[in-house]
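See below for the structure under consideration.
The values are calculated or read from the model by the stated rules, or taken from the named source; none is laboratory data. These figures come from a predicted structure and were not determined experimentally. Cβ: placed from backbone, ideal geometry, glycine included. Neighbour counts: every protein chain shown.
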Amino acid sequence: MLKNTESSYGTLSKALHWLVALVVFTMFAVGFWMVELDYYSDWYKTAPHYHKSVGLLLSLVVIFRLFWRMINKRPEPLATHSRLEIFAAHVAHLLLYLALFAIFISGYLISTADGRGIEVFNWFTIPSAGEFIEQQEDIAGSLHKWLAYGLIALVSVHALAAIKHHFIDRDNTLKRML
Amino acid sequence: MKKTLLKHSMLSFVSAFLLMGTASAAEYKIDTKGAHAFINFKIQHLGYSWLTGRFNDFEGTFSYDSEKPNDSKVMVEINTASIDSNHAERDKHLRSDDFLEVDKFAKAKFVSTKITDKGNGKLEVVGDLTLHGVTKSITIDAKKIGEGKDPWGGYRAGFSGKTTLGLKDFGIPERLGPASTEVHMSLHIEGIRQ
Ligand code: HEM
Ligand code: HEM
């Protein structure tokens, strides 16, 4: 089923969740690796180009995901979950979305600080909105880096929680996202 | 008669002495406020072309007297984070640990130690440059451009200078390839007499 039901995520929600998860892990690894590249590396120019292109397209996917979430039923929490678990999961999901957008925005603000737009795969260009603060590229850059680390830390907790529900509680939490 | 002659010569001696004293004290403040001063650099890109940029934020003073150029002094302090190569991503990289490490070394400083008149308005300016935490003596080949009254009631003097800095000498890694191990500095300063 494409749509969510009261007891499970639908195909589209699942596909979006795992697509975003896969791309985010790749983006993190690429980001981490590309800033250390040698000037003469074949990837010196292409890796950041792909990082920015994929990142900006991913932001559209996440916007669509939120839209789909809004117009869709939300699976009910499992009856076996405690109030604390339900609350913690909610907060974690909210923070995951917030961190994603903060990363998209800070990344955009690095490259556009000098008025240059960002080319998405030589396909179209997202224009710059200008410089908002002095030394924007440095401030946005360190935010981007720490937010990316924070996101990965949060995702690890999130994934551990899912694994705990699957193997220790042996409930449906993970299964209904698969 | 004799007395007055002696008095005269005494007077002129004293006044000449006094004049000398005032003349050597011409202090100038570099006009960074009105941006009539520039610290520009260029470095080879791959050995195929030049990349140029500048430092936007600095301040300094100098003392200069055209009668006694060898007594001149100059001091300049540069905010290293103000590096500007007209490309935000590149400037971020230049400020990072890979190059200038501006978090750690926020200021670069030049203090002259010896200025020698070479004739024809040319000056050799030797001094200590502190950059990236390393202090080294460097030589700037300078030239006086001119001095005189400005239209707004002040008095100005201006100089140009050139020097070449080896990245390695200041502990900056040579990451840009074999053609790009030296930065060529081109300095243009105008001072307002205080
Ligand atoms: C970058 C990686 C990830 C991100 C950004 C992410 C984000 C999210 C978000 C925002 C939700 C809430 C969905 C909604 O209701 O709108 C969610 C749900 C879920 N995620 Fe992830 N996730 C990631 C990786 C993972 C991994 C690796 C696992 C499992 C090992 C996982 C398992 C789950 C499960 C089971 C749910 C459903 C939770 C529930 O029904 O309360 N996620 N994820
Ligand atoms: C989920 C999405 C993203 C993740 C996980 C991510 C992660 C990272 C990481 C880990 C770095 C290295 C940080 C460092 O060590 O300095 C980085 C750098 C960077 N990212 Fe992202 N990023 C994402 C999205 C974006 C987007 C959407 C853009 C721009 C549109 C972007 C632009 C940049 C830029 C310009 C750099 C700096 C490269 C440099 O310093 O040379 N990123 N990113």
**Report entry** Tabulated pairs, region A:63-86, first closer than 15 Å to A:Ser8 by Cα, second in a loop (DSSP other than H, G, I, E, B) and within 8 Å of ligand 1 (Cβ to nearest atom), C-beta under 7 angstrom, 6+ apart or interchain
**Finding:** A:Pro75/A:Tyr9; A:Leu78/A:Thr173
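Determine whether region A:71-88 contains at least one residue that is away from every other protein chain (no Cβ under 14 Å) and within 18 Å of A:Leu151 (Cα to Cα).
Going through region A:71-88, the residues away from every other protein chain (no Cβ under 14 Å) turn out to be A:71-88.
Still in the list and also within 18 Å of A:Leu151 (Cα to Cα): A:88.
Taking every residue of region A:71-88 in turn, at least one turns out to be away from every other protein chain (no Cβ under 14 Å) and within 18 Å of A:Leu151 (Cα to Cα).
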Query raised in the report: Can you tell me which residue in region A:67-86 is nearest to A:Met177 (Cα to Cα), limited to those that are in a helix (DSSP H, G or I) and charged (D, E, K, R)?
Result: A:Arg69
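Regarding A:Phe121, is this residue within 14 Å of ligand 1 (Cβ to nearest atom), over 30 Å from A:Asp169 (Cβ atoms) and aromatic (Phe, Trp, Tyr)? Before you say what the answer is, go through the steps one by one.
Values: within 14 Å of ligand 1 (Cβ to nearest atom): no; over 30 Å from A:Asp169 (Cβ atoms): yes; aromatic (Phe, Trp, Tyr): yes.
No.
Determine whether A:Thr173 is more than 14 Å from the chain's Cα centre (by Cα), within 8 Å of ligand 1 (Cβ to nearest atom) and not small (Gly, Ala, Ser).
Values: more than 14 Å from the chain's Cα centre (by Cα): yes; within 8 Å of ligand 1 (Cβ to nearest atom): yes; not small (Gly, Ala, Ser): yes.
Criteria met by A:Thr173.
Yes or no, residue by residue, for (1) loosely packed, with under 14 Cβ neighbours inside 10 Å; (2) within 16 Å of ligand 2 (Cβ to nearest atom); (3) not β-branched (Val, Ile, Thr):
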site	(1), (2), (3)
A:Leu94	yes, no, yes
A:Phe104	no, yes, yes
A:Thr112	no, yes, no
A:Leu178	yes, no, yes
Query raised in the report: For A:Ala89, which of the numbered conditions (1) modelled with pLDDT under 95; (2) within 8 Å of ligand 1 (Cβ to nearest atom) fails to hold?
Result: (1)
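Out of curiosity, is A:Asn122 out of contact with any His (no Cβ under 9 Å at 6 or more places or on another chain), away from chain B (no Cβ under 14 Å) and not in a helix (DSSP H, G or I)? Before the answer, list the steps.
Details: out of contact with any His (no Cβ under 9 Å at 6 or more places or on another chain): no; away from chain B (no Cβ under 14 Å): yes; not in a helix (DSSP H, G or I): yes.
When the stated conditions are applied, A:Asn122 does not pass them.
May I ask you to say which residue of A:Val35, A:Val20, A:Val24, A:Val61 is within 13 Å of ligand 1 (Cβ to nearest atom), surrounded by fewer than 16 Cβ atoms within 10 Å (Cβ to Cβ) and modelled with pLDDT of 95 or more?
Values: A:Val35 fails: within 13 Å of ligand 1 (Cβ to nearest atom); A:Val20 fails: surrounded by fewer than 16 Cβ atoms within 10 Å (Cβ to Cβ); A:Val24 fails: surrounded by fewer than 16 Cβ atoms within 10 Å (Cβ to Cβ).
It is A:Val61.
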Report summary line: Residues of region A:97-143 being in contact (Cβ under 8 Å) with a residue 24 or more places away in the chain and of a type in the set (S, T, N, Q), in sequence order, are A:Ser106, A:Ser111, A:Gln136
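Given A:Ala21, A:Ala15, A:Ala29, which one is without any contact (Cβ under 8 Å) to a residue 60 or more places away in the chain, within 13 Å of ligand 2 (Cβ to nearest atom) and either in contact with a helix residue (DSSP H, G or I) (Cβ under 7 Å, 6 or more places away or on another chain) or away from chain B (no Cβ under 14 Å) (or both)?
On the way: A:Ala21 fails: without any contact (Cβ under 8 Å) to a residue 60 or more places away in the chain; A:Ala15 fails: within 13 Å of ligand 2 (Cβ to nearest atom).
Matching residue, one of A:Ala21, A:Ala15, A:Ala29: A:Ala29.
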Report summary line: Selection over region B:62-108 where residues are within 16 Å of ligand 2 (Cβ to nearest atom) and more than 27 Å from B:Asp141 (Cβ to Cβ) yields a count of 15
